[in-house]
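Visitor: Before we start, here is the structure in question, set down as structure tokens.
The values are calculated or read from the model by the stated rules, or taken from the named source; none is laboratory data. All figures in this text were calculated on a predicted structure; none of them were measured in a lab. Reconstructed Cβ throughout: ideal geometry from the backbone, glycine too, with neighbour counts over all protein chains shown.
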């Protein structure tokens, strides 16, 4: 059965480790990751993916060099998407469909659209979607990391004492 280590549908999923998360693929298939990328082609660009583009995104997600947030930014700020010249209303609706797999709820939609008309950038609105629990859950359903792991190093020197701290987020 799809996603299980043996045919008796045991509780032991087959898993691959991608960028520190457990991704269930059912034997290593790229299907779910391909489906994730395809949804962005369809929702953001209004078309099916071209094979080279799809393969590039899928391979980068699987090898961990990209994460869901990278895909989101790549599509929403692609020249092809920008050329669609979407209204603020269409922009927000596209984000709801692509990131949450649903139509916008009235309060959220209104808040985002009003924000855009009052000077909030599209990047800031997009970030709200990228760092949401709903997008995190969507990515988990497709077996990918929603945001990339970033390690920062800070060094502070005070009178011959050097402290180095590393933070991962």
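Visitor: It is to be established whether one or more residues within region 72-90 are modelled with pLDDT under 95, surrounded by 19 or more Cβ atoms within 10 Å (Cβ to Cβ) and part of a helix (DSSP H, G or I).
Guide: Scanning region 72-90 turns up at least one residue that is modelled with pLDDT under 95, surrounded by 19 or more Cβ atoms within 10 Å (Cβ to Cβ) and part of a helix (DSSP H, G or I).
Visitor: Here's something else I'd like to know. I need a count of the residues in region 124-144 that are assigned to a helix (DSSP H, G or I) and more than 25 Å from residue 30 (Cβ to Cβ).
Guide: Number satisfying all stated conditions: 6.
Visitor: Report whether or not residue 5 is more than 18 Å from the chain's Cα centre (by Cα), closer than 23 Å to residue 147 by Cβ, modelled with pLDDT under 90 and surrounded by fewer than 17 Cβ atoms within 10 Å (Cβ to Cβ). It would help to see each step written out before you state the result.
Guide: Details: more than 18 Å from the chain's Cα centre (by Cα): yes; closer than 23 Å to residue 147 by Cβ: no; modelled with pLDDT under 90: yes; surrounded by fewer than 17 Cβ atoms within 10 Å (Cβ to Cβ): yes.
The answer is no for residue 5.
Visitor: Might you check whether a residue that is touching a residue at least 40 places away in the same chain (Cβ under 8 Å), on the phi < 0 side of the Ramachandran plot, touching a helix residue (DSSP H, G or I) at 6+ places or on another chain (Cβ under 8 Å) and not in a loop (DSSP other than H, G, I, E, B) occurs anywhere in region 100-118?
Guide: Within region 100-118, not a single residue is touching a residue at least 40 places away in the same chain (Cβ under 8 Å), on the phi < 0 side of the Ramachandran plot, touching a helix residue (DSSP H, G or I) at 6+ places or on another chain (Cβ under 8 Å) and not in a loop (DSSP other than H, G, I, E, B).
Visitor: Shifting gears a bit: Do you know which of the residues in region 17-61 that are in a strand (DSSP E or B), in contact with a strand residue (DSSP E or B) (Cβ under 9 Å, 6 or more places away or on another chain) and surrounded by 14 or more Cβ atoms within 10 Å (Cβ to Cβ) is modelled with the lowest pLDDT?
Guide: Only one residue fits best here, namely 24.
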